[in-house]
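Below you will find the structure I want to go over with you.
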Amino acid sequence: MARSLRDLRRKMKAIKSTRQVTKAMELVSASKMRRAVQNAQLLRRYALTAWAILQKLAAAHTGTHPWLQERPVKKVLAIIFTSDRGLCGSLNTQLFRALNQYVNGLKKINSFEKIDFIAIGRKGQQFLARTGQNVVAAFPALSNHPKFSDVLPMTRMALEGFRKGDYDHVVILYTDFISALAQEPGAKVLLPFSETELKKMIEGLSPDKRQTKEAQEAMKYEVPASEYVFEPSEEDVLDRILPQLTEMQVYQAVLESAASEHSARMVAMRSASDNASDILYDLTLSYNQTRQGNITAELAELSASKAALD
C-alpha cells in the first residue's frame, strides 16, 4: 500500500506540472489570439472589397487581360497554410481533410493534369510529403505577427508561374476564422479571376455555412460600380493593380490562418487544463481513500495486538 501511495503522489506531481504548462500555453495563446484576431478583422473589410472589385473587373472586362481570361483546368498551383507546431486540436486535420476532398474533386475534371503545392508551415509540408504530393517550395508558418512583406516571396512565385504559363490556376487553402470556438477550412481560386470550372467545383465543396457567411460579407461590402474607366490605359492599370490585390488576398489568408491557429490552441490548452484538473481531483480522492484505509488498517492491527496481550 505504501508503494501505491508513492505512485499516486508521483502521478499527482506529474499532472500538476502538466497543468501548469498547459495553463501557461493557454494564456500565451490567448494573448496572441487577441492581436491576431484584431489584425484579421481590421483587414477583412478591405480584402473583401478588393475581392469584389476583382470579380467585377473579371465580369466587365472578360478577356482583356491574361489574368481575366478563362483557362481550362490543367496545371494547378495550390498554396496551403498550416502551422509549424501541433497542440491546436483538429485545426490541421480539418484542413487536410478538405485538401484531400479538393484533390479528389480536381481528378474528376477531364482536363486536369497535375497539381503542385507551396507549403506554408511544417505540418502541411510533412502531410504533403506523406501523401506523395509534389511540393515546389516550403516556407515556415507565418503565425507570429505576420507582416505584408512576409507573403511577397510565395505570392510572386505564384504570380510568375501563372504569368509564364506554368500553371493555369492558382488556389489558396487556409483556415478561415469564424470565432474563437469555430474555424473552418476554406479554398479560394486566386488566379484567374474569371468564372472557371475549378471555381464552381470549389464552391460545391464548401459547406453551406461558409457559403452563407461569404455571401453575407460580399453583400455587405459589395462594390456598386459595374463598369470601370481606366486612365492612362487599361493594360497599365491592370498590370499594377491586379498583382497588388492578389497579394492582399494572400495576406488576408495568412491573417485568418494565424487567428485560427491561436484560437484553436487556446481552446485545446484550456480543455487540457480542465482535463488535468479532473484527473487530479480523482487521484486526490483515491490518495485520500488509500491513506485513510492504511490508517484504519494500522489502528485495527494495534487494537488486535493490544487485545491479544491482555
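Computed from the coordinates by the stated procedures, all read-outs in this text should not be read as laboratory data. Every value quoted in this text rests on a predicted model; they were computed, and no experiment measured them. Glycine gets a Cβ as well: all are built from the backbone with ideal geometry, and neighbour counts include every protein chain shown.
Mind checking the full-extension length gain between SER277 and LEU309? Use 0.36 nm per residue of separation minus the Cα-Cα distance, one decimal, nm.
On the way: separation 32, 0.36 × 32 = 11.52 nm, distance 4.78 nm.
Taking 0.36 nm per residue and subtracting the Cα distance, the gain is 6.7 nm.
Obtain the nm distance between the two label points defined at LYS108 and SER149 by a simple spin-label model: each point lies 7 Å from its Cα along the Cα-to-C-beta direction.
Between LYS108 and SER149, the label points sit 4.5 nm apart.
Now for a different question. For LEU27 and ASP116, what does the FRET efficiency come to when R0 = 51 Å and r is the distance between their Cβ atoms, rounded to the nearest 0.05?
After rounding to 0.05, the efficiency reads 0.80.
Hey, quick one: spin label on LEU5, modelled 7 Å out along Cα-Cβ, who in segment 267-310 has an amide N within reach, i.e. under 16 Å?
Inside the label zone: 284-302.
For segment 251-310, what does the alpha-carbon gyration tensor say about shape, rounded, prolate or oblate, given a ≥ b ≥ c as the root eigenvalues, a/c under 1.5 as rounded, and a/b over b/c as prolate?
Judged from the Cα gyration tensor, segment 251-310 comes out prolate (a/c at least 1.5, a/b above b/c).
Another question, if that's okay. Charges only on Cβ, +1 for Lys and Arg, -1 for Asp and Glu: so what's the dipole of segment 29-133 about the Cα centre, in debye to the nearest 20?
Once rounded to the nearest 20, the dipole reads 320 debye.
Just add up the charged neighbours of LEU280: K/R +1, D/E -1, any other residue whose Cβ is under 15 Å from the Cβ of LEU280.
Local charge sum for LEU280: +3.
Using a Förster distance of 35 Å, how high is the FRET efficiency between GLN101 and ARG44, based on the Cβ-Cβ distance and rounded to 0.05?
Values: r = 25 Å, r/R0 = 0.72.
Efficiency for this residue pair is about 0.90.
Suppose R0 equals 30 Å. What FRET efficiency, 1/(1 + (r/R0)^6) with r the Cβ-Cβ distance, do ILE295 and GLN20 give to the nearest 0.05?
0.45
Among 275-285, 46-56, what's the highest-first ranking by average C-beta atoms within 10 angstrom per residue?
Descending packing order for the listed peptides: 46-56, 275-285.
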